[in-house]
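Enquirer: Right, I'll just put the structure down here and ask away after.
The values are calculated or read from the model by the stated rules, or taken from the named source; none is laboratory data. These numbers were taken from a predicted model, which means no experiment stands behind them. A quick note on method: Cβ atoms are made from the backbone with ideal geometry, for glycine too, and the neighbour counts reach across all protein chains shown.
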Amino acid sequence: MTTEFDILIRAARLRAQPDKLFQIGIRDGKVAVMAETLDGRGEVEIDAGGGLVTESFVNPHLHLCKVYTLQMMDEIALQDYHGEGMGKAMTAIEQAARIKEQYDAGWIIENVRKALALAAVYGNTHIRAFADVDSKAKLEGIKALLQAKEEFKGVVDVQVVAFAQDGIVREPGTANLLVEAMQMGADVAGGIPWIEYTEADIVEHVQVVFETAERFDADVSMLVDDAGDPGLRSLEVMAVEAIQRGWQGRALAHHARAQSMYPTPYLQKVAALLKQAQMGVVTDPHTGPLHARVSELLEEGVLVCLGQDDISDAYYPFGRNNMLEVAFLASHLLWMTTAAERETLYDMITTRPAKAMNVADFGLAEGAVANLVVLHEDNVVDALRYHHAPAAVVSHGKLVDVKKYRRMANLP
């Protein structure tokens, strides 16, 4: 008896068994069967031609309300953020905030659509997307991201983060805006505690974000210690708060660039806290001269993943939501070049960020939601080397109309 599938992928090579070819049957949005031989046919059939088929890509960190705003301002913030030692990182954030005086959901949504169209083209099916909420941005970014989340539903799954970019204690009224954003439908409570002026204010910032998350039963994402100052300790504060509140597995730290200057004993202490909090770290080494101590964190068993961070904004002039490109850049910056390290890099843009974002049923396995990519290349080293767009993208069990999204992103 011939089995019917919604999608049938033939001649697929898997990372774990590269010497064999498999057929993958997808039905009702899930991976139904993976086998070397399969008596079946699909409503849609894809010939992988021996190319790799893997989980789709996941971006756990993108400032989506800011994409394509670089051309709207000067490069002062960019120069300060990328300066030696990142000593002017706080100044860069203050400079970059000027653009928010012009925030309006009407023009933000156009930029957001282009960025998410690129995500669809490059097989990036899940994104944790930050929208600033403060006295300047108000809720305009939240409005645009929530609209885009609905428009791209089933193609790119967007987790909207209500993000207190300019602080909470130093920016009166932001705590209330966080609550309003969550009431509107934001998925994640976000903060940036290190930007506050005092240690006490850092603690209060962290507490406000966790209190907001508890109120709405939401996950937490915070940008921590994003400057060249070894005295910054907001990562530790965040981990301890997650443990004390019972928010294990529901808090995610981003950047932690000050780790690059931590003495080893303190780094090991922080790693132990991160494991106890079941808290991952997102690193974006391509967007700043400092970055988290990735090799040491991995060695300690901490969940580490890669993010795009920015696309053509005040902090980074490039970017296209191509996570293979991000991993390619990271391989040089982190000196992760061996075969085992390349596989780890691939995990850091697929399964690891999916776990960090609590994406349910993610993975290339029978019974998992069918989020996958069919690559032109038949091995990981070439996939990283060329970082081409996939030959085909399946999101939530459906074949993505890549031509449509290439047009939307103004790609040839």
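Enquirer: Between a residue in the stretch 359-383 that is over 30 Å from residue 188 (Cα atoms) and in the same structural domain as residue 19 (by TED's automatic domain parsing) and any residue that is loosely packed, with under 15 Cβ neighbours inside 10 Å and of a type outside the set (Lys, Arg), which pairs come within a Cβ distance under 7 Å, given they are 6 or more apart or on different chains?
Expert: Pairs that qualify, where the first residue is over 30 Å from residue 188 (Cα atoms) and in the same structural domain as residue 19 (by TED's automatic domain parsing) and the partner is loosely packed, with under 15 Cβ neighbours inside 10 Å and of a type outside the set (Lys, Arg), are 377/386; 378/50; 379/18.
Enquirer: Further question on the same structure: Please go through (1) assigned to a helix (DSSP H, G or I); (2) touching a His at 6+ places or on another chain (Cβ under 7 Å) for residue 282 and return the number of the only condition it doesn't satisfy.
Expert: (1)
Enquirer: So, in the stretch 214-241, exactly how many residues are surrounded by fewer than 17 Cβ atoms within 10 Å (Cβ to Cβ) and touching a residue at least 60 places away in the same chain (Cβ under 8 Å)?
Expert: Of the residues in the stretch 214-241, 0 are surrounded by fewer than 17 Cβ atoms within 10 Å (Cβ to Cβ) and touching a residue at least 60 places away in the same chain (Cβ under 8 Å).
Enquirer: Taking the stated definitions as given, is residue 377 farther than 19 Å from residue 62 by Cβ, in contact with a helix residue (DSSP H, G or I) (Cβ under 6 Å, 6 or more places away or on another chain) and outside any helix (DSSP H, G or I)?
Expert: Yes, satisfied.
Enquirer: Please enumerate the residues belonging to the stretch 122-147 that are among the aliphatic types (A, V, I, L, M) and surrounded by 23 or more Cβ atoms within 10 Å (Cβ to Cβ).
Expert: Of everything in the stretch 122-147, those that are among the aliphatic types (A, V, I, L, M) and surrounded by 23 or more Cβ atoms within 10 Å (Cβ to Cβ) turn out to be 127, 129, 131, 133, 137, 142, 144, 145.
Enquirer: Just a yes or no: is a residue in the stretch 257-276 of a type in the set (Gly, Ala, Ser), buried (at least 22 other Cβ atoms within 10 Å of the Cβ) and farther than 23 Å from residue 69 by Cα?
Expert: yes
Enquirer: Output yes when any residue across the stretch 328-337 is in the same structural domain as residue 95 (by TED's automatic domain parsing), part of a loop (DSSP other than H, G, I, E, B), buried (at least 20 other Cβ atoms within 10 Å of the Cβ) and among the β-branched types (Val, Ile, Thr), and no when none is.
Expert: Taking every residue of the stretch 328-337 in turn, none turns out to be in the same structural domain as residue 95 (by TED's automatic domain parsing), part of a loop (DSSP other than H, G, I, E, B), buried (at least 20 other Cβ atoms within 10 Å of the Cβ) and among the β-branched types (Val, Ile, Thr).
Enquirer: Scan the stretch 346-374 residue by residue and report those that are in contact with a Leu (Cβ under 8 Å, 6 or more places away or on another chain), assigned to a helix (DSSP H, G or I) and of a type outside the set (Ser, Thr, Tyr).
Expert: Matches in the stretch 346-374: 352, 353, 355, 356.
Enquirer: Shifting gears a bit: For residue 165, indicate whether it is of a type in the set (S, T, N, Q) and over 21 Å from the mean Cα position of the chain (by Cα).
Expert: It is false that residue 165 is of a type in the set (S, T, N, Q) and over 21 Å from the mean Cα position of the chain (by Cα).
Enquirer: So, one more: Of the conditions (1) surrounded by 18 or more Cβ atoms within 10 Å (Cβ to Cβ); (2) of a type in the set (Lys, Arg); (3) part of a helix (DSSP H, G or I), residue 320 clears all except one; give me its number.
Expert: Of (1) surrounded by 18 or more Cβ atoms within 10 Å (Cβ to Cβ); (2) of a type in the set (Lys, Arg); (3) part of a helix (DSSP H, G or I), only one is false for residue 320: (3).
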